[in-house]
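Shown next, in structure tokens, is the structure this report addresses.
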Number of protein chains: 2
Amino acid sequence: MFEPSGERASTSQSGRSSSATSVKTQDTLPSAGFNVAALAKIGEQAFQRGELVSAELVALTYGALVRQLFLDYQAPEDVNEELERIGYNIGLRLVDDFLARSAAPPCRSFQATAEIVARVAFRMYLGVSARPANFAADNTAYSILFDTNPLAEFVEVPDAVANTLWYSNIFCGVIRGALEMVQFSVRASFTRDMLRGDECNEIRVCLLRELEETVPLDKET
Amino acid sequence: MFEPSGERASTSQSGRSSSATSVKTQDTLPSAGFNVAALAKIGEQAFQRGELVSAELVALTYGALVRQLFLDYQAPEDVNEELERIGYNIGLRLVDDFLARSAAPPCRSFQATAEIVARVAFRMYLGVSARPANFAADNTAYSILFDTNPLAEFVEVPDAVANTLWYSNIFCGVIRGALEMVQFSVRASFTRDMLRGDECNEIRVCLLRELEETVPLDKET
């Protein structure tokens, strides 16, 4: 279960270029006022400045975690849920590191979080390019699309759970946890996964409600 | 449990320099005929050529794995054992990637594995410098010493298990698995851990026996 396939699950390495120049023009449209190329550069610089480890290590460590959860929970739906919960706890913590290190512009709208998550955070932590897409007309939902997934390299999901397990569901939790810390309560879920043969990976992020910022009583702002 | 401490567990970043030049002179002594600086360069080049992700990601993912094992096994001794077992399975696979990508010289002796593991593999997968030390007089044991441990960043081990848990025990399994694939059956175990207040991390590697290489029958060598 979750044995390495011997080959990388994705042969496309385009997403991992360290160059931030290959920005498609349509990506600049719903950018919430951001300069998309500048965001990609911010992410890349934070990635390069940070401490790095080999992607193999995280892929194999993550694989061990998923395998362990399967031993514990067995039902793939429960594994999905548990991965999301673990990711949520990671997201709650990771956001501090993100805000401290990324120098990304603040997310003044839910729409803006799409750009920051996709262009800066994915690049900063995973070294891959992601892009926001499929914005709902009322701006209460968007998708994060990405073609390269370091967690899923070497992975072969057993046939029995291939259509029920969302192998990389930890990402959904990380996004939910991190966005909650910047006052957006969301639900995030995979809708496409290249491990299932889809042409790209897609995480759908839906706004549930904006949280009220609680201002400490001893501060005037 | 295993909450991030807010600060990095180790403030020393010296081990993570991307320069391969700061090789101490005493390190060149028991080098099994290798040029130590060249080995470090091989490791660094393989690290840079490989795909990388942020160290935070692997630290938090690994933390989630350890936490999950605690939920399952509770006794820290059992968690140590399980981490070692998981690492062993990773080591069995990782060695193929290592041999394919590292271009490291072959390990013709057990003593030589010390140099390769410390100088090349640690740098290639973790981006950190490690060094072999404390060779047994009969060359059936050595230690791997390292000062920076990406797995242990952000980690605070709860007091109750601080002296029984070897938090990063997965490394011992990886070393055992990888060396078994190059015909050395070993036992590896932590003897010092900076998480316990030790001045460096030390993994002791003891040779149990050399395995016989099985030559496929249809090949003449």
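When residues in the stretch A:84-108 are screened for being in contact with a Cys (Cβ under 8 Å, 6 or more places away or on another chain) and not acidic (Asp, Glu), 1 of them pass.
All conditions in (1) at the interface with chain B (Cβ under 9 Å from one of its Cβ atoms); (2) surrounded by fewer than 20 Cβ atoms within 10 Å (Cβ to Cβ); (3) modelled with pLDDT of 80 or more hold for residue A:13, with the sole exception of (3). Restricting the stretch B:139-160 to residues that are more than 14 Å from every other protein chain (Cβ to nearest Cβ) and modelled with pLDDT under 95 leaves a set whose member that is surrounded by the fewest Cβ atoms within 10 Å (Cβ to Cβ) is B:159. Just checking, how many residues over the stretch A:57-74 are under 15 Å from residue A:149 (Cβ atoms) and either of a type in the set (Gly, Ala, Ser) or over 20 Å from the mean Cα position of the chain (by Cα) (or both)? The number of residues fulfilling the criteria is 2. Annotation for the stretch A:208-216: no member residue is surrounded by 19 or more Cβ atoms within 10 Å (Cβ to Cβ) and in contact (Cβ under 8 Å) with a residue 60 or more places away in the chain. Counting the residues of the stretch A:58-92 that are free of Cβ contacts under 8 Å to residues at least 12 places away in the same chain and either within 9 Å of chain B (Cβ to nearest Cβ) or buried (at least 19 other Cβ atoms within 10 Å of the Cβ) (or both) gives 5.
The condition (being in a helix (DSSP H, G or I) and closer than 21 Å to residue A:53 by Cβ) is satisfied by just one residue among B:160, B:178: B:178. Return yes when residue A:102 is surrounded by 20 or more Cβ atoms within 10 Å (Cβ to Cβ) and within 14 Å of chain B (Cβ to nearest Cβ) and no when it is not. In short, yes. Check whether at least one residue in the stretch B:108-125 is surrounded by 20 or more Cβ atoms within 10 Å (Cβ to Cβ) and facing chain A (nearest Cβ under 9 Å), and report yes or no. Within the stretch B:108-125, one or more residues are surrounded by 20 or more Cβ atoms within 10 Å (Cβ to Cβ) and facing chain A (nearest Cβ under 9 Å). Against the condition in contact (Cβ under 8 Å) with a residue 40 or more places away in the chain, over 20 Å from residue B:64 (Cβ atoms), more than 14 Å from chain A (Cβ to nearest Cβ) and surrounded by fewer than 21 Cβ atoms within 10 Å (Cβ to Cβ), how does residue B:199 come out, does it pass? Here the answer is no, as residue B:199 does not meet what is asked. Among the residues of the stretch A:186-198, none qualifies, meaning not one is of a type in the set (Gly, Ala, Ser), at pLDDT 95 or above, closer than 13 Å to residue A:80 by Cβ and touching a Gly at 6+ places or on another chain (Cβ under 7 Å). Entry remark, the stretch A:37-57: residues being among the acidic types (Asp, Glu), facing chain B (nearest Cβ under 7 Å) and touching a residue at least 12 places away in the same chain (Cβ under 8 Å) number 1 in total.
Scanning the stretch A:43-55 for residues that are assigned to a helix (DSSP H, G or I) and touching a Lys or Arg at 6+ places or on another chain (Cβ under 8 Å) returns A:43, A:44, A:46, A:47, A:49.
For the stretch B:128-138, filtered to residues that are assigned to a strand (DSSP E or B) and surrounded by 22 or more Cβ atoms within 10 Å (Cβ to Cβ), the residue that is farthest from the other protein chains (Cβ to nearest Cβ) is B:132. Screening residue B:185 against (1) surrounded by fewer than 17 Cβ atoms within 10 Å (Cβ to Cβ); (2) in contact (Cβ under 8 Å) with a residue 40 or more places away in the chain leaves a single unmet condition, (2).
The values are calculated or read from the model by the stated rules, or taken from the named source; none is laboratory data. Just so we're clear, the structure is a prediction, and the values are computed from it rather than from any experiment. Neighbour counts run over all protein chains shown; Cβ positions are idealised from the backbone, glycine included.
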